[in-house]
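One structure is given here, and the rest of the page talks about it.
Every read-out reported here was derived from the displayed coordinates using simple, explicitly stated rules and does not represent laboratory data. Note that this is a predicted model, so its numbers are computed, not measured.
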Amino acid sequence: MAIKSFQGRRILPKKEELKPALVSDYMSTKLITFKPNQPIAEVMQTLIKRKISGGPVVNDDNELLGVISEGDCIKQISDSKYYNLPLNDAIVENHMVKNVETIDGNLNIFDAAKQFIDSKRRRFPIVKKGKLVGQISQKDILIAALEQKGQNWK
């Protein structure tokens, strides 16, 4: 004799449609920025005091002009000592990286992670309509990835 179930047909719950996390969800927006005419010595003091390894260089309209890093400052110190040049005369504009790769704030974090791997950069500025709006770092990507639910890992 066959046993019949009176529970009826089970309806499986719908899987929640998850939207991928975007760069703009995890980017830093309160940035420490530098000006092109700022002395390198002042930049070094800021990097040390704020415990950061670099920052974007912007003009008065908040347009991205470049990036200055600890490495750029170290190179300036080395050149200054080697050529016996005063450090006080060195300004950001002459030592920053000018051709800066940016990243789109609407990019999902996994595509952004791939861009970090391919470029070997530690951070990317985010520009919208020509203005600097934020910055995403490798650490921000790690935080975002850990917060994602298992269903997002494809």
In sequence order, what are the phi-derived ³J(HN,Hα) couplings for region 136-146 according to the Karplus relation 6.51 cos²θ - 1.76 cosθ + 1.60 with θ = phi - 60°, rounded to whole Hz, with x for glycine and proline?
10, 10, 4, 5, 4, 5, 4, 4, 4, 5, 5
Determine one quarter of the surface area of the Cα convex hull of region 20-82, which equals its mean projected area, and express it in nm² to one decimal.
5.4 nm²
No solvent, one uniform scatterer per C-alpha: report log10 I(q)/I(0) for region 23-147 via the Debye equation at q = 0.11, 0.16 1/Å, two decimals.
-0.40, -0.78
Distance violations [Cα-Cα > 24 Å] among Lys98/Lys128; Lys49/Lys120; Lys98/Lys129; Lys98/Lys120
Lys49/Lys120
For Ile91, what residues show an amide H to amide H distance below 5 Å, using hydrogens built from the backbone and excluding near sequence neighbours?
Ile40
In whole Hz, with x marking every Gly and Pro, tabulate ³J(HN,Hα) for region 61-69 from phi via Karplus 6.51 cos²θ - 1.76 cosθ + 1.60, θ = phi - 60°.
8, 6, 8, 6, 10, x, 9, 10, 10
Under the Karplus curve 6.51 cos²θ - 1.76 cosθ + 1.60, θ = phi - 60°, whole-Hz ³J(HN,Hα) for region 104-110, x wherever Gly or Pro sits
7, x, 8, 6, 6, 5, 6
